[in-house]
Amino acid sequence: DTAVSQTPKYLVTQMGNDKSIKCEQNLGHDTMYWYKQDSKKFLKIMFSYNNKELIINETVPNRFSPKSPDKAHLNLHINSLELGDSAVYFCASSQDGIRGAGTDTQYFGPGTRLTVL
Amino acid sequence: GQQVMQIPQYQHVQEGEDFTTYCNSSTTLSNIQWYKQRPGGHPVFLIQLVKSGEVKKQKRLTFQFGEAKKNSSLHITATQTTDVGTYFCAGLYNFNKFYFGSGTKLNVKP
């Protein structure tokens, strides 16, 4: 049973398109995250949700919009894709009862490799 | 500002040699976590350190948290090819903000 799953695994698209990446966790965790990992392997947090409430919203373009329909799901929608958006996007979750602050172990999904042409 | 600096960026070792990666912060950390990411894989949690001066071991891996809770290290004794990957630290500040280090990519030659 996969703890944190993401779809799709690969996404190739043209500049200017709009795309979504889905994430689901079956661990019963309160907090979910989205990370961007570039070609140099820098792992940068983008968003964090705790019980469907946005906790962390790092400086990312407003073309990126997270949506959490329930605490087991955190989807990432990207409008007007740009070349610089090409990266691997990881979803993660943690138990974190308090404010989703990274106090607990984070479980990462397998990643979605986004390529913008 | 609050951020975690990790060195070295790359390390190439011969199988059997030791390896160490370091994370440093200019301000006190609430805790520090370590993750390993295999090539093509996703980060996997290794350990969390909370107490000042804490030392934890997992087989050939030794994790340390500095007395001032501003630095941490991961040491691998007698590396094996299965240790290949990128090792990340993640430091938590004031129990509400955390940052990942830039990672140390370890390559082990058989």
| field | Selection within the range A:28-67 - farther than 22 Å from B:Met5 by Cα and not in a strand (DSSP E or B) | value | A:Gly28, A:His29, A:Asp30, A:Asn51, A:Lys52, A:Pro61, A:Asn62, A:Arg63
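Please go through the range B:72-101 and give me each residue that is within 14 Å of chain A (Cβ to nearest Cβ), in contact with a Gly (Cβ under 9 Å, 6 or more places away or on another chain) and of a type outside the set (A, V, I, L, M, F, W, C), ordered by number.
Filtering the range B:72-101 for residues within 14 Å of chain A (Cβ to nearest Cβ) gives B:84-101.
From what's left, in contact with a Gly (Cβ under 9 Å, 6 or more places away or on another chain): B:85-92, B:95-101.
Result: B:Gly85, B:Thr86, B:Tyr87, B:Gly91, B:Asn96, B:Lys97, B:Tyr99, B:Gly101.
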| field | Failed item in (1) modelled with pLDDT of 90 or more; (2) over 27 Å from B:Gly85 (Cβ atoms), with A:Phe108 passing the rest | value | (2)
| query | Looking at B:Ala78, is it at pLDDT below 95 and either part of a loop (DSSP other than H, G, I, E, B) or under 13 Å from B:Lys36 (Cα atoms) (or both)? | reply | no
| query | Any idea how many residues of the range B:13-40 are within 19 Å of A:Phe108 (Cβ to Cβ) and not in a strand (DSSP E or B)? | reply | 3
| task | For the range A:1-14, state whether one or more residues are outside any strand (DSSP E or B), in contact with a strand residue (DSSP E or B) (Cβ under 7 Å, 6 or more places away or on another chain) and among the acidic types (Asp, Glu). | result | no
| said: Which numbered condition in (1) within 13 Å of another protein chain (Cβ to nearest Cβ); (2) surrounded by 15 or more Cβ atoms within 10 Å (Cβ to Cβ) is the only one that B:Leu61 fails? | reply: (1)
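From the set of residues in the range B:37-56 that are more than 11 Å from chain A (Cβ to nearest Cβ) and surrounded by 18 or more Cβ atoms within 10 Å (Cβ to Cβ), which is farthest from the chain's Cα centre (by Cα)? Give the derivation first.
The initial filter retains those residues of the range B:37-56 that are more than 11 Å from chain A (Cβ to nearest Cβ), namely B:38, B:49, B:51-56.
Next cut, surrounded by 18 or more Cβ atoms within 10 Å (Cβ to Cβ) only: B:49, B:54.
Values: B:Leu49: 11, B:Glu54: 14 Å.
The residue in question is B:Glu54.
Take A:Tyr33 and tell me if it is at pLDDT 90 or above, more than 11 Å from the chain's Cα centre (by Cα), of a type in the set (Phe, Trp, Tyr) and surrounded by 14 or more Cβ atoms within 10 Å (Cβ to Cβ). Lay out the reasoning, then the answer.
On the way: at pLDDT 90 or above: yes; more than 11 Å from the chain's Cα centre (by Cα): no; of a type in the set (Phe, Trp, Tyr): yes; surrounded by 14 or more Cβ atoms within 10 Å (Cβ to Cβ): yes.
Taking the combined requirement at face value, the residue does not satisfy it.
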| query | Where residues in the range A:42-70 are within 14 Å of another protein chain (Cβ to nearest Cβ) and among the polar types (S, T, N, Q), which of them is farthest from B:Gly103 (Cα to Cα)? | reply | A:Asn50
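The values are calculated or read from the model by the stated rules, or taken from the named source; none is laboratory data. Remember, predicted model here, so these are calculated numbers, not experimental data. Heads up, the Cβs are rebuilt from the backbone with ideal geometry, glycines too, and the neighbour counts pull from every protein chain shown.
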